[in-house]
Every structure is written in structure tokens, then in C-alpha cells.
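Below: one structure, written as C-alpha cells.
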Amino acid sequence: FRDLREPGPCRRLGPVQGGRVQRVTTNLVILTGAGVSAESGLGTFRDTGGIWSKFDPMKLATPEGFAADPEAVHAFYNARRDNLLAATPNPAHHALAELERAWREERRGDFLLVTQNIDNLHEQAGSEALLHMHGELLKSRCERCGHLFEHTDALSLERVCEGCGKAGGLRPHVVWFGEMPLGLDRIYEALARCDLFVAVGTSGTVYPAAGFVQEALSAGAHTVELSLEPGEVSALFAERHHGPASRVVPEWAR
Ligand code: BV8
């Protein structure tokens, strides 16, 4: 069990009884956004030249946009899926997976990694206690029969669902604007018990994710922002380290 006095992710010394520090646990919740995957070559959304500066989210990331022009939406996600297949995790993804292993092996407390990202780079880096609150680009589902399946090839209106044998009902398994994010019960339950909340590479502009820091503060947690630059809710963080995630995250997680 590593010495509690080492620098690194917030560790609280417990009471000393009989000359021994009593083990305390630190429940950790991490929230990642597009910035954690930026150095893996996947675009962010609101930076200069970001995805939403080239494409209209209301046309491509809403149910209404999909109903109006499903082929444009399929083309948008097929292109992003192709980008993802060429991408690999960067040191930030690996540092978060290593932190989870240390948290588990040293029984430091609960660990949950919530990502707003729909890429699978956290999985590729070895993260396990992972929740995709905005869905996953390598999964799709049929709106006719509910069949959910993993795939790397393109979606189209002509593609036949393997669940019901019909075409025309498939959509990406991602959460669009106006749709309910996934796993909120589990997320709010973890935030209510968390001692340490770390937001990595997110602009803090999309809700309900941008409100998680407030939930963590209400639970008395220490809050850390690790991002290239301050996000919209940066003022709510007790600790902030700005710079590229591939440097800042391994430095902080060490
Ligand atoms: C909801 C999946 C009800 C798809 C995404 C009007 C109508 C309907 C809804 C609303 C409305 N007005 C407001 C809302 C709510 C809406 C919302 O928040 N809108 C915003 C725009 C105001 N939210 C919703 O609709 C959500 N659902 O509200 O349901 C509800 C919910 C709960 C309880 C009751 C009711 C659903 C939102 C999900 C939308 N889907 N993605 C897809 O990917 O195509 S959101 C999209 O933005 C991304 O997926 C991403 O997850 C999200 C947040 O973006 P970030 O990840 O933060 O990325 P961004 O580019 O913004 O920032 C990048 C950051 O990284 C920057 O800070 C940058 O500095 C940093 N960075 C860059 N490079 C690096 C770096 N950091 C480190 N290193 C680097 N190298």
C-alpha cells in the first residue's frame, strides 16, 4: 500500500492510532470530454476549427436532423467512425487506465470514469470502470426492433437490421441533443459519494455533464480541472492545470 504522504491524486491522511495511519478511502469520479482524444487525432467540437464550426449540430446531432436527412447524418457518423478506426490512445488515456488499476489494487476507494466521448480510446487503453454517457460510435441500434450491435463498417438506409431483417431503421447508438444521456442514475449516485472529481478536456458547455462539478462540490469533493484552457465552469474547480492532456494528465495522475 503506497505511502499516503506521496504527492499525487488527493490523498487524505486518516487518524493515527497506535502509531499507524488508518487507511482512508477516496472515491474518485473522472469526467472526460473531446480534449482527452484531441492528441489522438479526433476532433474536438468547440475549439477553433472544431467539428461544430464545420457542421451544424442541430442538423447532424439531433433526432429532428436525423429524421430530416438521415443520409447526411449517416455520412457524418460514418466519416467519424473511419477516423476513429485510425486513432490510438494517447498518454492521457493510458494514465487514466493506470490510475484505475492503482486505485483498485491499492483499494483506495471507488473509481468511475464517465466519458462524454463516443470513441473507444479509453477501452483501448485498458479502462474498465467506464460509462459512455453520450453513447458509442462503434455501436448502432434499430429503431424498429431495438437490436443493439457493434460494427466498424458504414451505416446506411439500405443496411438490413440483423434483428428484424428490415432496412431503414438503423441509427448510431449516440445521444443527440434533446435526448436523455445514458447512465445518469449511476453517475449521480457516484457524484453524491465522491471525494475527488476530475474533469479532463471538456469545455463545460453541454449539460447535464457540465453540472457534475457542482454535484461533486455539494458532496464536499475536491475538484480538479485538467484541460488545454479554462472551460465555462472553470471557476468552480478548486485545482486547475492547463496544458495538453497527454502531458497534464500523466503529471497529475503520477
Ligand atoms: C439533455 C454525442 C434532457 C453525439 C453529444 C435546447 C434543446 C434541447 C436541449 C437543450 C437545449 N438547450 C440546452 C439543452 C441541453 C443540451 C445542451 O447542453 N446544449 C448545450 C449546447 C447548451 N443537452 C442535451 O440536449 C443533453 N440531453 O439535456 O436531455 C435532460 C437531461 C438530464 C436531465 C433531464 C433532462 C444531451 C447532450 C448530448 C449531445 N451529444 N455528443 C456526437 O458526438 O456527435 S455532445 C458533444 O458536446 C460532444 O459529444 C461532447 O460530449 C459534448 C461536450 O463537448 P466537449 O467534450 O467538452 O468538447 P468541446 O469541443 O466542447 O471542448 C473540448 C475541450 O477540450 C475544450 O475545453 C478544449 O480547451 C479542450 N482541449 C482541446 N484540446 C486539448 C484539450 N484539453 C486537453 N488537451 C488537449 N490537447
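The values are calculated or read from the model by the stated rules, or taken from the named source; none is laboratory data. Keep in mind that what you see is a predicted model, and the values were worked out from it rather than measured. Quick reminder, even Gly has a Cβ in these numbers, built from the backbone with ideal geometry, and neighbours come from all protein chains shown. The accessibility values were calculated without ligands, DNA or RNA, using every heavy atom of the protein model including side chains. Shrake-Rupley method; radii C 1.70, N 1.55, O 1.52, S 1.80 Å.
Results, tabulated for the structure shown:
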quantity	calculated
Cα-based convex hull, the chain, per residue volume (Å³, whole number)	125
At R0 = 35 Å, FRET efficiency that the Cβ-Cβ distance of Ala192 and Glu162 yields, to 0.05	0.30
Over the chain: helical MRE at 222 nm, DSSP H runs n ≥ 4 each giving -39500 (n - 2.57), nearest 500	-8000 deg cm²/dmol
Cα convex hull of region 101-166 - mean projected area over all directions, nm²	5.8
Fraction of antiparallel bridges per DSSP, the chain only, in percent to nearest 5	30
Accessible surface, the chain, averaged per residue in Å² (probe 1.4 Å)	48
Cα lying deepest toward the dipole's positive end in region 28-77, options Phe66, Val36, Ile51, charges on Cβ	Val36
Solvent-accessible area, 1.4 Å probe, carbon plus sulfur percent, for the chain	51
Whether region 106-254 is rounded, prolate or oblate, judged on the alpha carbon gyration tensor where a/c under 1.5 counts as rounded	prolate
